[in-house]
Amino acid sequence: MLIGSPNCGKTLLFNRLTGLAQKVANFPGITVELASGRMSDLPDTVLVDYPGTYSLHPLSGDEQVAVDEFRRGLDDPAVSHVVCVVDVTRLEKSLYLTLQVIRLARMRGKHVVIAANMMDVLAGHGIEIDLAALAAELDAPIVPISARTGNGIADLIQHLRVDPSVAPLESAGGALEIVPDVLMQQAAHRLARRYGPRGDVLVRTQNRLDAFFLHSWTGGLAFFLIMYLLFQSIFTGSAPVMDAVESSLGAIAGWLVPLFGPGMVADFTSDALFSGVGAFLVFVPQIFVLTLVVGLLEDTGYMARAALICHRPLKLFGLTGRSFIPMLSGVACAIPGVYAARSIESPKSRRLTYMAIPLMPCSARLPVYTLLIAAFIPSTTLLGGLVGAQGLAMVSIYFFGLVLGLVVAGLAARRTAQTVADVPFVLEMPPYRMPALKPLVQRAFQRCKHFVTKAGGVILSVTIVVWVLGYFPNGGTDLGSSWLAAIGRVIEPLFAPIGLDWRFGVAILTSFLAREVFVGTLGTIFGIQFAEENMVPLVENIHASGLGLASGVALLVFFSIALMCVSTLVILARESGSWRLPIKMFIAYGLAGYIGAVLAYQFVSLLTGA
Amino acid sequence: MRSVEPQPSEQELPLWQLALGCRAIVTGFSEALSPAYRTRMSEMGFHPGETVSCVLRPALGAPRMYRVSNTVFSLDRDIAGAIRVRPE
C-alpha cells in the first residue's frame with residue numbers, strides 16, 4: 001500500500017515501481033481513484049496507490065472513501081507493507097499523516113517503510129537533513145529516494161523484500177492506540193521543526209515565478225495566452241488525427257461494406273456501425289490531446305495558479321477556480337470537460353460544474369449552428385461593413401451558451417447552498433516542475449480507453465435503435481415511410497409551435513444521439529449526400545421547405561440549451577455515480593430548450609410580422 | 001460566516017488582513033469555522049503558534065497566498081478571514 005500527502009510525488013513513485021502498468025478503478029458516486037499495479041522488480045507484489053491526503057481524518061465524502069479503503073486494506077491479511085511517502089522539502093505537511101499511518105499500520109501488524117522523496121531537490125540546493133535521527137524518533141525505517149531521478153528506488157525495493165510472514169517488532173499496538181491526535185499533531189510539528197529544511201531557498205524560485213504568473217498584468221496576459229494555446233491544441237492539434245480517424249474508418253467501411261453485398265447487413269454496417277459509432281470514435285483524439293495538455297498544466301504547477309485566478313469570478317456563480325478548465329474544455333467537447341471536473345474537490349462545485357458544462361457551446365453544435373445561420377441569417381454586414389451579420393449571430397449564440405452555463409450554475413447553487421456541505425477554497429500551491437512526459441501520455445491513453453469502453457456500449461445500443469426505426473419497415477429505401485418518420489408525424493404537433501414539420505422533428509429526434517446528426521439526417525431526408533461537408537444544397541432545400549427566420553432562431557435556441565448527446569449523458573452518469581443527475585438535466589434542459597424555442601419563435605414572429 | 005465572528009482583540013487580526021510580506025503568529029480560529037476545518041487547517045500547518053507570512057495578494061479579491069514553513073497555500077477570504085493571527 002502506498003500513501004502520502006498531496007503533491008508528495010507518490011504517483012511518480014508508483015509509476016516507477018510498477019513500470020507504468022497501472023490499473024485504475026473508479027468508485028461509483030465519487031471521484032476517487034485507486035490505482036494498482038504489479039511491481040516490476042517484485043512481480044508477486046501488487047502495489048495499491050491511495051489518493052493523497054493530509055491526514056486520516058476525512059473532510060469530504062471523497063476523502064472518507066479514500067480513508068475507508070485504506071483502513072480496509074490494512075485489515076486485509078494479504079497486505080504486508082505500507083509505504084508512506086514523505087516530501088522532505090516540506091516535512092511539516094507530511095509528518096502528521098506519517099505518524100497516523102505508523103500507528104494504524106502497527107496496530108494491524110503491517111510493516112511501515114517511509115520513502116523520503118525529493119532528496120534530489122534538497123541536494124540541488126545543498127541542503128542536508130538528518131534522516132537517521134528522524135527514523136530513530138519515528139521508530140521506522142526511512143529510505144531516501146528521488147522518484148524523479150530513480151535514486152534510492154533499489155533500496156526501497158530491498159525494504160519491501162522482507163518476508164511478509166514476519167510480523168513487525170512493534171505490532172503490540174495497544175499503547176499506540178491511546179496516543180491522542182492532538183499530541184500526535186504536536187509531535188509532528190516538533191519533528192518538522194527539528195529536522196525540516198530551513199531558510200526560504202526552496203520557495204524563492206516559486207515566489208519569483210508566482211510574482212510573474214499571478215501579477216495583475218503579466219499574470220493576466222500569461223493566463224489568456226496559455227488558455228488560447230490550450231484551446232488551439234484541442235481544435236487544431238487534434239484535427240489532423242480526427243481527420244485521419246475519420247478517413248481510416250471511411251476506408252475500412254469502403255473496403256468492408258461491399259463484401260457483404262447489397263442488403264441489410266451492408267446497410268447496418270455502413271450506417272449504424274461506421275456512421276453512428278464512428279462519429280463518436282472521432283472524438284477520441286480530442287480527448288487524448290485535452291487530457292495531455294491539461295495534465296501538462298497540472299504537472300508544471302500552473303493549473304493551481306489558473307484556479308486561483310478564476311476563483312473569484314466563478315465563485316459568484318457557486319463554482320470554484322477549479323471549475324474553469326472543465327468548462328473551457330466543454331467548449332470543445334462536453335465529454336473531456338466532464339472528465340476534467342474530477343479535479344474539483346468540492347462535491348457541490350463539481351455537481352454545479354457538471355450542470356454548466358453541457359451548456360457550453362461544444363464543437364458538435366458547430367455544424368448545426370453553421371447550417372442554421374447559413375440558412376436563416378442574411379449575409380449582410382452591419383456597422384458600415386465592420387461586422388458581418390452571420391459572424392455576429394455565431395458569436396452571440398456562443399456567448400449565450402457561456403452565460404447560460406454560468407447562470408444555471410448560479411441558480412442551482414442558490415438552491416443547493418443549504419443542503420450540500422462545501423469545501424472551502426484552500427489550495428496548496430505546488431512548486432513549478434518540469435513534467436515527466438511518459439506518465440502524461442499513459443494517463444491520456446487510459447482516459448481514452450475509459451471513454452471508448454464505458455460509453456461505447458450505450459452509444460452502440462442507441463445507434464442500433466435509431467437505425468432500426470429508420471430502416472424498417474421498408475428496408476431503408478425511404479426514410480419518409482419508416483417507423484422513425486411515423487414517430488416524427490406523431491410528435492409533429494409538438495414542433496408546430498416553432499413552425500417545424502415532421503422532417504425537422506425526425507432530425508431533432510435522431511440528433512439526441514449526437515447533435516451533429518441533425519445535419520446528416522436532414523441531408524438524408526432531403527436526399528443530399530455528405531450534407532456535413534457541403535451544406536449549400538441543404539440550405540437551398542431548407543429555404544424551399546418554407547421554413548422562416550423565426551423557426552431558425554427557435555432551432556438555434558433549442559440546440560444551445562437542450563442536452564442532446566448520448567455520450568455526454570453516459571459519461572455524466574459514470575462520473576457522478578448515478579443516472580439521477582443526467583436524467584434530471586436531460587429533462588430540464590430539454591424542456592427549457594423547448595420553452596426557449598417557442599418564446600423565441602413567437603418573439604421573432606412578432607418582430608418580423610410573420 | 002463573518003457576520004457571527006467575534007471581534008478579534010487589538011493585537012489580533014484575521015489572516016486575510018495581514019499585509020503583503022508581513023509575518024504573523026497563528027493564535028486561533030474563528031468560532032464560526034467548523035471543527036473539521038479547524039483540524040484540517042491545523043494539519044496543513046496553520047496551527048496556533050506557527051509563523052505564517054503573506055507572500056502574494058493578487059488584485060480584485062482573488063485568493064491570497066500564505067507561506068507556512070516551506071509550503072505556500074492559496075486561501076480565499078472565507079477561510080483566511082477565519083484564521084486569527086498576531087503580526088510579528
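The values are calculated or read from the model by the stated rules, or taken from the named source; none is laboratory data. Predicted, not measured: the structure shown is a model, and the values here were computed from it. Because the Cβ atoms are built from the backbone with ideal geometry, glycine has one as well, and the counts that use them run over all protein chains shown.
The table that follows gives values for the structure above.
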| item | result |
| --- | --- |
| Number of the exception - A:L249 against (1) aliphatic (A, V, I, L, M); (2) touching a residue at least 40 places away in the same chain (Cβ under 8 Å); (3) surrounded by fewer than 20 Cβ atoms within 10 Å (Cβ to Cβ) | (2) |
| Given (1) within 14 Å of another protein chain (Cβ to nearest Cβ); (2) surrounded by 19 or more Cβ atoms within 10 Å (Cβ to Cβ); (3) modelled with pLDDT under 85, number of the condition A:S55 does not satisfy | (3) |
| Test: residue in segment A:228-247 that is part of a helix (DSSP H, G or I), over 30 Å from A:P326 (Cβ atoms) and at pLDDT 75 or above | yes |
| Counted residues, segment A:146-197 - those being touching a His at 6+ places or on another chain (Cβ under 6 Å) and at pLDDT 70 or above | 1 |
| Hits in segment A:192-236 (condition: of a type outside the set (F, W, Y), within 12 Å of chain B (Cβ to nearest Cβ), farther than 30 Å from A:M119 by Cα and in contact with a helix residue (DSSP H, G or I) (Cβ under 9 Å, 6 or more places away or on another chain)) | A:H215, A:T218, A:G219, A:G220 |
| Output for segment A:298-326, where each listed residue is under 17 Å from A:I226 (Cβ atoms) and β-branched (V, I, T) | A:T300, A:I309, A:I325 |
| Tally, over segment B:69-88, of residues that are touching a Phe, Trp or Tyr at 6+ places or on another chain (Cβ under 9 Å) and either under 19 Å from A:V182 (Cα atoms) or within 7 Å of chain A (Cβ to nearest Cβ) (or both) | 8 |
| Those residues of segment A:282-301 which are at pLDDT below 80 and either over 17 Å from the mean Cα position of the chain (by Cα) or crowded, with 22+ Cβ neighbours inside 10 Å (or both), in sequence order | A:V282, A:F283, A:Q286, A:I287, A:L290, A:T291, A:V294 |
| Qualifying positions in segment A:570-587 - in contact with a helix residue (DSSP H, G or I) (Cβ under 9 Å, 6 or more places away or on another chain) and over 20 Å from A:P347 (Cβ atoms) | A:V570, A:F586 |
| Sole exception among (1) more than 23 Å from B:M65 (Cβ to Cβ); (2) part of a helix (DSSP H, G or I); (3) at pLDDT 85 or above; (4) over 18 Å from the mean Cα position of the chain (by Cα) for A:P367, by number | (3) |
| Restricting segment A:107-119 to residues that are assigned to a strand (DSSP E or B) and farther than 23 Å from A:R204 by Cα, the residue that is farthest from the other protein chains (Cβ to nearest Cβ) | A:H111 |
| Among the residues listed as A:L74, A:L104, A:L91, A:L122, the single one being part of a helix (DSSP H, G or I) and surrounded by 23 or more Cβ atoms within 10 Å (Cβ to Cβ) | A:L91 |
| Where A:T320 falls short, out of the listed (1) farther than 21 Å from A:W579 by Cβ; (2) among the hydroxyl-bearing types (S, T, Y); (3) more than 14 Å from every other protein chain (Cβ to nearest Cβ) | (3) |
| Residue tally, condition in a loop (DSSP other than H, G, I, E, B) and either on the phi > 0 side of the Ramachandran plot or more than 7 Å from every other protein chain (Cβ to nearest Cβ) (or both), over segment B:57-68 | 3 |
| Subset of segment A:428-450 (residues that are of a type in the set (A, V, I, L, M), more than 18 Å from A:Q286 (Cβ to Cβ) and at pLDDT below 85) | A:M434, A:A436, A:L437 |
| Residue match in segment B:32-40 (condition: modelled with pLDDT of 90 or more and more than 7 Å from chain A (Cβ to nearest Cβ)) | no |
| Qualifying residues in segment A:320-348 (those that are touching a Pro at 6+ places or on another chain (Cβ under 9 Å) and among the hydroxyl-bearing types (S, T, Y)) - the one surrounded by the fewest Cβ atoms within 10 Å (Cβ to Cβ) | A:S343 |
| Filtered residues of segment A:70-97 (kept if closer than 21 Å to A:V182 by Cβ and over 31 Å from the mean Cα position of the chain (by Cα)) | A:L91, A:E92, A:L95, A:Y96 |
| Residues of segment B:47-56 satisfying the condition of being at pLDDT 90 or above and more than 7 Å from chain A (Cβ to nearest Cβ) | B:T51, B:V52, B:S53, B:C54 |
| Listing of helices (runs of 4 or more DSSP H) fully contained in segment A:491-604 that carry 3 or more residues being of a type in the set (A, V, I, L, M, F, W, C) and without any contact (Cβ under 8 Å) to a residue 60 or more places away in the chain | A:502-510 |
